[in-house]
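K.L.:
Have a look at this one before I ask anything.
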Amino acid sequence: MEVKAFLNFARIAPRKVRLVADLVRGKDVNEAIQILTFVNKKSAPVLRKLIKSAVANADQKKTIDLDTLYVKHISVDQGPTLKRYLPRAMGRASEIRKKTSHINLVLDER
């Protein structure tokens, strides 16, 4: 039985989150949480919290054995981009794009 968790508008660029998401795809939940604990990236604690949220969702259903859960599907899509401006020389301004991510996570039983 599948369990889902979503995180929308995470203030991390999707390209950076995908690097860490690829590490845990297909792994058992306990192994994924252990991997994310020691990865030195900004998105690692965010993904770890999302996996723990999905496990809590599974615990609420009471029909799933938590020890057999694994990361079936994890996808990172781009959200809206925040546009900011930085003053530059001679009265000009340069645009800074602050990207956001939508993270979708599906856990399933083995």
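Coordinate-derived values only; no laboratory data. None of the values given here were measured: they were computed from a predicted structure. Virtual Cβ from ideal backbone geometry, glycine too; neighbours counted across all protein chains shown.
K.L.:
Under a plain spin-label model, where a point goes 7 Å from the Cα along Cα-to-Cβ, how far apart in nm are Arg97 and Gln78?
P.N.:
0.5 nm
K.L.:
Of the residues Ala58, Ala44, Ala93, which exhibits the maximal mean-square fluctuation in a Gaussian network model of the chain defined by a 10 Å Cα contact cut-off?
P.N.:
Its mean-square fluctuation being the largest, the pick is Ala93.
K.L.:
If Lys and Arg each add +1 and Asp and Glu each add -1, what is the summed charge of the other residues whose beta carbon sits under 15 Å from the beta carbon of Val71? Present the calculation step by step, with values, prior to reporting the outcome.
P.N.:
Values: positive: Lys4, Arg18, Arg25, Lys27, Arg48, Lys49, Lys52, Lys72, Arg110; negative: Glu2, Asp22, Asp28, Glu31, Asp67, Asp108, Glu109.
Counting the neighbours of Val71, the net charge comes to +2.
K.L.:
Right, here's the next one. Please list 3J(HN,Hα) in residue order for region 25-34, calculated via the Karplus relation 6.51 cos²θ - 1.76 cosθ + 1.60 where θ = phi - 60°; whole Hz, with x for glycine and proline.
P.N.:
5, x, 8, 5, 4, 5, 5, 5, 5, 5
K.L.:
Give the calculated FRET efficiency between Val39 and Arg88 to the nearest 0.05, with a Förster radius of 30 Å applied to their Cβ-Cβ distance.
P.N.:
FRET efficiency, Val39 to Arg88: 0.25.
K.L.:
Sorting check: for 59-69, 18-28, which peptide has the highest mean count of neighbouring beta carbons within 10 Å, and how do the rest follow?
P.N.:
18-28, 59-69
K.L.:
Determine ³J(HN,Hα), in whole Hz, for all residues of region 48-59 in sequence, where each value follows from phi through the Karplus function 6.51 cos²θ - 1.76 cosθ + 1.60 and θ = phi - 60°; x replaces Gly and Pro.
P.N.:
Residue by residue, region 48-59 yields 4, 5, 5, 5, 5, 5, 5, 5, 5, 5, 5, 5 Hz.
K.L.:
In the structure displayed, which of Lys42/Lys99; Lys41/Lys61; Lys41/Lys99; Lys62/Lys99 lie more than 26 Å apart, Cα to Cα?
P.N.:
The pairs that break the limit, which is 26 Å between Cα atoms, are Lys41/Lys61; Lys62/Lys99.
K.L.:
Which one, Leu47, Ala32, Gly79, projects farthest toward the positive side of the charge dipole computed for the chain from Cβ point charges (K/R +1, D/E -1)?
P.N.:
Towards the positive end, the residue furthest out is Gly79.
K.L.:
Taking all pairs of different Cα atoms in the chain, averaging 1/r and flipping that mean, what Kirkwood radius in angstroms comes out?
P.N.:
15.1 Å
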